[in-house]
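This report concerns only the one structure given below.
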Amino acid sequence: MTLILAEKDVSRVIKPDDMSFMAEVIQLMDDAYKEMGRGRVGLHQRVTVQYPMGSGYYEGRFLRFLPSIIPALGGAAVRVYSGHREGKENLDEKRPDFIHGNETLLFYDYNHQMKLAAIINDRSVHEVRTGAPTGLATQYLAKRDASRVGLFGTGRQAGGQLRAVCAVRDIRTVSVFSPTKAHREGFAGRFTEELGIPVRPVGDPKDAVEGSDIVICSTNAGKPVFKGEWVQNGTHINSLSRGEIDRRTVQMCLPIVAAWTEQVLDDTPAREPYSSMIRDGSLTKNDMVELADVVSGKVVARDNDKRVTMFQSAGFGLWDSIIARAIYDKAIRAGAGIELDLSGL
């Protein structure tokens with residue numbers, strides 16, 4: 001039997017602002033990344049299929065597939081999702097707006113002949129899946145007494161990134177920047193209430209960097225959102241999206257800790273500024289280390305409190321086996337969803 005979990009089923013048993021669930025997923029990430037560091041997971045880069053070929057991500061339509069197998073978690077998963085561009089032009093990027101399509105998570109039971117255990121729509125908790133790796137990286141890379149956060153971005157993913165950081169550090173204050181005043185003020189009010197700490201909207205991006213122990217970037221800007229010269233000694237930086245970080249910041253943070261180096265350096269489309277820095281020789285593959293090696297103790301990325309560190313996030317299938325496992329287990333305990341015998345269809 002295969003468990004079918006619609007978004008309403010997932011929403012019934014898990015809330016994205018449930019900090020205990022975030023902590024649970026961060027621990028699963030820790031376990032899985034240790035397995036990755038020991039070479040005991042099956043991985044493949046995110047596969048992107050585009051139309052028009054070579055430009056569908058920016059101008060047309062695309063499909064993505066993110067697979068992994070994690071024997072120690074007893075599971076495997078494939079995420080499949082679509083997207084397209086249409087409608088009015090984005091005035092900054094001169095391209096059609098991005099519209100996220102359908103998203104499906106297929107979860108397989110590793111211990112029972114890799115049978116399809118569940119089909120899941122996890123959009124309602126997707127920010128937990130994307131935030132938890134940032135929380136894990138922050139746990140290993142930020143100073144132990146880090147308490148001040150600067151945040152760029154006010155979308156759904158930005159909220160997940162902030163929750164994940166708050167799950168691993170005793171955060172006392174947050175400064176949030178968005179170029180849109182209503183967005184930063186709305187986000188600040190909502191998360192001040194949710195987290196029980198002061199979240200302050202700032203109209204100058206410099207104010208989100210200076211004085212911050214941790215800087216989080218979770219934007220769709222496609223270009224650097226702050227200047228490296230603003231970063232103080234000891235800061236830890238988390239970057240989620242392409243192009244948010246400038247070259248100076250990259251070079252002051254070497255080695256960069258990557259979610260998975262292969263995904264960051266060979267992404268589709270290319271992930272800047274790394275792609276152009278590799279091409280011009282100002283960065284080499286040896287300037288990037290695996291989060292898996294940090295977590296498993298092979299690499300020490302922070303050896304003093306003055307070092308500036310950075311985690312470059314990039315989604316890949318490992319995360320999807322983890323979130324699928326967590327959702328499936330909670331749904332089974334709660335009796336959520338419906339079971340179907342797909343072999344009989």
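Read the figures in this text as sums done on the coordinates, not as results from a lab. Just so you know, these numbers come straight off a predicted model, no measurement behind them. Note that we place each Cβ from the backbone using ideal geometry, even for glycine, and neighbour counts take in every protein chain shown.
Numbers for the structure displayed
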item: Cα-based reach from residue 8 at 26 Å (exclusive), listing lysines while leaving out same-chain residues under 8 positions away; result: 115, 330
item: Rg/Rh for segment 127-315, where both radii come from Cα atoms and Rh is the Kirkwood radius; result: 0.94
item: Size of charge dipole - the chain - debye, nearest 20, with Cβ of Lys, Arg +1 and Asp, Glu -1, no other charges; result: 260 debye
item: Translational D in µm²/s for the chain (Stokes-Einstein at 4 °C, 1.567 mPa s, Kirkwood Rh from C-alpha pairs); result: 63 µm²/s
item: Residues 8, 206, 330 arranged by fewest to most Cβ contacts within 10 Å; result: 8, 206, 330
item: Antiparallel DSSP beta bridges within the chain, percent to nearest 5; result: 55 percent
item: Proximal aspartates and glutamates relative to residue 285, as straight alpha-carbon distance under 17 Å, when same-chain residues fewer than 8 apart are discounted; result: 262, 266, 267, 272, 293
item: Placed amide H near residue 238: partners under 5 Å, 5+ positions off or other chain; result: 215, 216, 217, 311
item: Overall Cα dimensions of segment 208-263, principal axis frame, Å, largest first; result: 32, 24, 17
item: Under the Karplus curve 6.51 cos²θ - 1.76 cosθ + 1.60, θ = phi - 60°, whole-Hz ³J(HN,Hα) for segment 148-155, x wherever Gly or Pro sits; result: 10, 10, x, 10, 10, x, 9, x
item: Nearest 10 degrees, 0 to 90: helix 156-168 Cα axis against the chain principal axis; result: 80 degrees
item: Vicinal HN-Hα couplings computed from phi for segment 247-253 (Karplus, 6.51 cos²θ - 1.76 cosθ + 1.60; Hz; Gly/Pro x); result: 4, 4, 5, 4, 6, 7, 9
item: The chain: most fluctuating residue of 296, 147, 282 per GNM, C-alpha cutoff 10 Å; result: 282
item: Relative contact order of segment 167-214, defined on C-alpha pairs under 8 angstrom at six or more residues apart (%); result: 43 percent
item: Highest-MSF residue in the chain out of 309, 249, 192 [GNM, Cα springs under 10 Å]; result: 192
item: Under the Karplus curve 6.51 cos²θ - 1.76 cosθ + 1.60, θ = phi - 60°, whole-Hz ³J(HN,Hα) for segment 36-51, x wherever Gly or Pro sits; result: 4, x, 8, x, 10, 9, x, 10, 9, 4, 4, 9, 10, 10, 10, 8
item: Within a Gaussian network of the chain (alpha carbon springs, distance under 10 Å), most fluctuating of 55, 178, 239; result: 55
item: Contact order relative to length of the chain, as percent, for alpha carbon pairs under 8 angstrom and 6 or more apart; result: 22 percent
item: Cα centre as origin, Lys/Arg/Asp/Glu Cβ charges: segment 138-233 dipole, Debye; result: 160 debye
item: Cα-based helix-to-principal-axis angle, 126-141 vs the chain, degrees rounded to 10; result: 50 degrees
item: Relative contact order [Cα under 8 Å, 6+ residues apart], segment 212-345, whole percent; result: 28 percent
item: Rounded FRET efficiency, nearest 0.05, which uses the C-beta distance separating residue 227 from residue 280 and R0 of 30 Å; result: 0.90
item: Helix 181-195 vs. the chain, principal-axis angle (Cα, 0 to 90°, nearest 10); result: 70 degrees
